[in-house]
Amino acid sequence: MRVTKWTAANVVLAAVALTGGGLAYATVGTPSTGSTKAVTRTATIASGTVMTTVSSTGNVTAPNNVNVNFGTNGTLTEVDVKVGQTVKKGDVLARVDSTAAKASYDSANAQLASAQANLTELQQGVTALVKQSLQISAAQASQQVTSAKTALTNAEQNQGFDQTNLAAAITKAQQQLANDQATANQDEATLQTALSQAQTQATSQIAADTAQLSADTQTQTADNAQLTKDQAKVAGETSSSPTWTADNNAVTADLAKVAADASKIASDNAKLATDNNSVTNAQNSLTSGELRDQQTLQNDQTAISNAQTAQAQGLAKDQQSIASAQQGVTNAQLSLQSTQNNNAQKTAPPSTSAIQTDQAAIEQAQAQVDTAKATLDATALLAPADGTIGAINDTVGQTVSAGATSSASSTASSTSSSSSSSSSAFITLTNVTDLQVVADVDEADASKVVVGAPATVTLNALPTQEFAATVIEVANSSTVVSNVVEYQVTFALNNVNPAIKPGMTASVTVTTAKADGVLNVTSSAVHTAGGTSYLLVTQPDGTQKQVDVVVGLKGNTTTEITGAVKAGDVVVLPATTVATGSTGTRTGTTGLTGGGAVPFGGGGLGGGFGGPRG
């Protein structure tokens, strides 16, 4: 339901009145101080129709258009119609280059003549020239048998050569493995001896270096103790003490000794590291030598495996070659036999089946002629029905593609595909007898639209006229436009006006709900508080009485009601105030407070804001 500006304002004022009071006002002119006057607005309950509508915009479409396409591909050489021209069924619309089609037609006719000649030749029997040709083909087939036998002999010889060579390769690889194994054993003994020597030499050297490190460490400990003692003595003296200079020099000497001790210890540790490294290096040499020899032996094993694989593959390949050559001999012999049989058949009198075969070839060639003739005829595009040329999508010189000639439906579910097919059609024939309007409706309103609902259509091109329409389809799939989810709705125009053209912009209003012959009142007169709706009904003595009502259909501007009211009853709308001054006038709606059944007085219940208290 679309809400007008006045309806929205009245709903807001009613909400303000029911939730504690307030003042909403609009200023006209320059604000100024002055007196105010409350203006009471009223409405009358009526009996009639309440309805809600949904509005949208769209375009007029022609659902019965015909997409016309050539039956064959080609370069467009002529267009014999123009947009807006009326044509009859069978009229020539355009032509494409027929050169290739004409060549195919001529070729098919030539193949037909050849098939007919073959039948004639068969019926007349073979000539001397044909007999000579048959003898040559038999000699060639015999030569192929000889060649196939030679190939078989060569394959068998190759197998013998490969057996010898591949076995020798395996023997060579095995010998290499034996040699490398002996080398590996020698390397193991040599490197193990070097490791033992390094360990023996390092043992004595490490013991001497360890003793030296222990002595240097003890010296460093004594020097550190002396340094600590001298530093404590200096700390207890001042520069004026007679022994301060001597004691300070002693501290300096102690520091030098401690530094020298540290250097010796570092040297001792380096010697120990060197002693240990000699053993480690010997061990690493042994390990790397073993790895190197192991890799060599592994490579030798791989070489043996590769040689054995090559032997197996080579022999298998040779065996396959022999089998292939044997098959070649068999095939050549069969081919020779087939050639001899064929020659015998050709020199024999024609059989009934041979005559029937040539007759079938003639029929097939005739079918190809008919197909080529249809393709040649398809280079001229004929109107499939009466209509008006709505669009021509190619010009002379362009290449057009073959396509089907079909109706272009424009219902909501197929608008996208029909638009695509229309744009791809060479010519569109328009039929304006059954026009439709397709419009996009947002998801909130689309859920209210049902098939069969009545609608009213206005056109930008015909602004003074309205046209009745009916909803015939609501799309199941949506589109998103500017982050708004929309659904296509299709309307059928109930009456066709010659002035309506496909593509015109249309505004559509569809009725989504309707109640006839019901009591109704301006929507702003209905107040709601605590889940109860009520009206302020003017009594004969001028007072106002709150009357509870049940709200039915909420229309665009009015609301269906039932209760202790009747048509003709006058109800009070939210009040307004008028403020006047020397420089301008200000008007606004008086705020309402409270929410009980107390009659309104003055500017609103309880005095309100902006109006005099009653």
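Please treat every number below as a calculation from the coordinates, not as lab data. Small disclaimer: the values here were computed from a predicted structure and weren't measured. Here the Cβ positions follow ideal geometry from the backbone for every residue, glycine too, while neighbour counts run over all protein chains shown.
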Checklist entry - Tell me, what HN-Hα J-couplings in whole Hz come from the Karplus equation 6.51 cos²θ - 1.76 cosθ + 1.60 at θ = phi - 60° for each residue of the range 119-125, using x for Gly and Pro? => result 5, 4, 5, 4, 5, 7, x
Next on the checklist: Need the full-extension length gain, LYS37 to LYS131, defined as separation in residues times 0.36 nm minus the C-alpha distance. One decimal, nm.
Outcome noted: 21.0 nm
Checklist outcome for this item: Label model pair ALA246, ALA100: point-to-point distance (7 angstrom along the Cα→beta-carbon line) in nm is 12.3
Checklist entry - Expressed as a whole number of Å, what is the distance separating the alpha-carbon centroids of the range 321-342 and the range 67-109? => result 54
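Take the Cα radius of gyration of the range 290-342 and divide it by 2.2 N^0.38 Å, with N its residue count; two decimals is plenty. Walk me through the numbers on the way to the answer.
Numbers: Rg = 22.5 Å, N = 53, 2.2 N^0.38 = 9.9 Å.
So the Cα radius of gyration is 2.26 times the expected 2.2 N^0.38 Å.
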Checklist entry - Peptides 89-97, 133-141: what's the order by average Cβ count within 10 Å, highest mean first? => result 89-97, 133-141
Next on the checklist: Going by Cα centres, the range 450-506 and the range 251-307 are how many Å apart?
Outcome noted: 93
Item to check | FRET efficiency, 1/(1 + (r/R0)^6) with R0 51 Å, evaluated for GLN295 and THR274 via beta carbons | outcome: 0.95
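Over 32 Å apart: what share of the alpha carbon pairs of the range 129-347 falls there, rounded to a whole percent?
The calculated P(r) of the range 129-347 puts 66 percent of pairs beyond 32 Å.
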Checklist outcome for this item: Checking rank on 351-363, 381-393, with mean other Cβ inside 10 Å and highest first, the result is 381-393, 351-363
Checklist entry - Under 26 Å Cα-Cα from LYS554, which lysines qualify once same-chain neighbours fewer than 8 residues away are excluded? => result LYS5, LYS448, LYS514, LYS545, LYS566
Item to check | Alpha-carbon centroids, the range 520-558 and the range 161-220: separation in whole Å | outcome: 110
